[in-house]
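Following: one structure in structure tokens, then a few remarks.
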Amino acid sequence: MRKIVMLCALCLTIVSLFAQKTNGKIDAITGKKILDSLPANMQGNNLNTKNDKVWSPSGFIGVVVHRDYGTENKVTLEVINQSPSANKVSTIIAQPVSNANYTITQINGYKALVQTLKSEINKTGYELLLPINATLVTLKAFGYTQDQFLTMANNIPVAMIAQKVK
């Protein structure tokens with residue numbers, strides 16, 4: 001009887017660990033597909049192909065997809081799978097409090113947080129934080145108006161990314 005109980009406990013542990021390992025996680029191949037679907041330019045800035053990266057999972061973070069655009073007013077776009085910050089951002093979006101540093105907006109039907117940033121040379125920038133399950137899509141740019149930034153954000157294929165990370 002003891003062997004049966006131990007065997008059942010072992011099986012349950014293995015199934016549980018497997019579910020945790022695969023639930024919402026993507027692999028490098030899926031990361032590459034996401035990278036290939038991202039826009040070729042943002043606000044007139046072409047992508048910097050040499051900087052395109054898909055990093056393998058590391059520690060608590062899953063696959064990270066990175067793309068940037070332009071040189072002078074660089075635009076950075078990342079998709080971070082299994083991001084520890086995704087839940088925090090989702091909580092802020094669900095229960096917004098009045099804050100002058102960020103606003104909540106919709107990007108292609110998905111709620112997102114947009115933060116206002118200041119650079120070291122007093123250049124205004126914006127950062128988009130868009131949670132999709134345990135994945136966080138981020139877009140960061142300096143030297144653009146908020147309307148230009150939101151136009152860039154609306155070029156992100158959010159529905160396709162959501163499909164890949166579900």
- Message: At a 10 Å Cβ-Cβ cut-off, how would you order Phe149, Phe60, fewest neighbours first?
- Response: Phe60, Phe149
- Once normalised by the length of segment 32-166, the mean sequence separation of its alpha carbon contacts under 8 Å that are 6 or more apart gives a contact order in percent of 22 percent
- Which of the helices in the chain meet the span-like rule: DSSP H, Cα axial reach of 15 Å or more, Kyte-Doolittle mean at least 0.0? 2-22
- Query: Given only helices, namely DSSP H runs of n ≥ 4 each adding -39500 (n - 2.57), what is the per-residue ellipticity at 222 nm of the chain, to the nearest 500 deg cm²/dmol?
  - Reply: -10500 deg cm²/dmol
- Message: Let me make sure I get this right: for segment 27-122, a, b and c are the square roots of the gyration tensor eigenvalues over alpha carbons, sorted descending. Under 1.5 in a/c it's rounded, otherwise prolate if a/b > b/c, else oblate. Which is it?
- Response: oblate
- Beyond 28 Å (Cα-Cα) in this structure, taken from Lys88/Lys118; Lys33/Lys140; Lys32/Lys123; Lys25/Lys123; Lys25/Lys111, we find Lys32/Lys123; Lys25/Lys123
- Subtracting the Cα-Cα distance from 0.36 nm times the residue separation, let me have the gained length for Asp27 to Ala40 in nm, one decimal. 2.4 nm
- Task: Work out how much length Thr145 to Thr103 would gain on full extension: take 0.36 nm times their residue separation and subtract the Cα-Cα distance, in nm to one decimal.
- Result: 13.7 nm
- Taking a ≥ b ≥ c as the square roots of the Cα gyration tensor eigenvalues, with a/c under 1.5 meaning rounded and otherwise prolate when a/b beats b/c or oblate if not, segment 67-166 comes out oblate
- Item | Within a Gaussian network of the chain (alpha carbon springs, distance under 10 Å), most fluctuating of Leu35, Leu139, Leu117 | Leu117
- Note on the structure: From fewest to most C-beta neighbours within 10 Å, the residues Asp36, Asp68, Asp27 line up as Asp36, Asp27, Asp68
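Throughout, read-outs are computed from the coordinates displayed, never taken from laboratory work. The structure displayed is predicted, hence computed values, not measured ones. Here the Cβ is made from the backbone with ideal geometry for all residues, glycine too, and neighbour counts use every protein chain on show.
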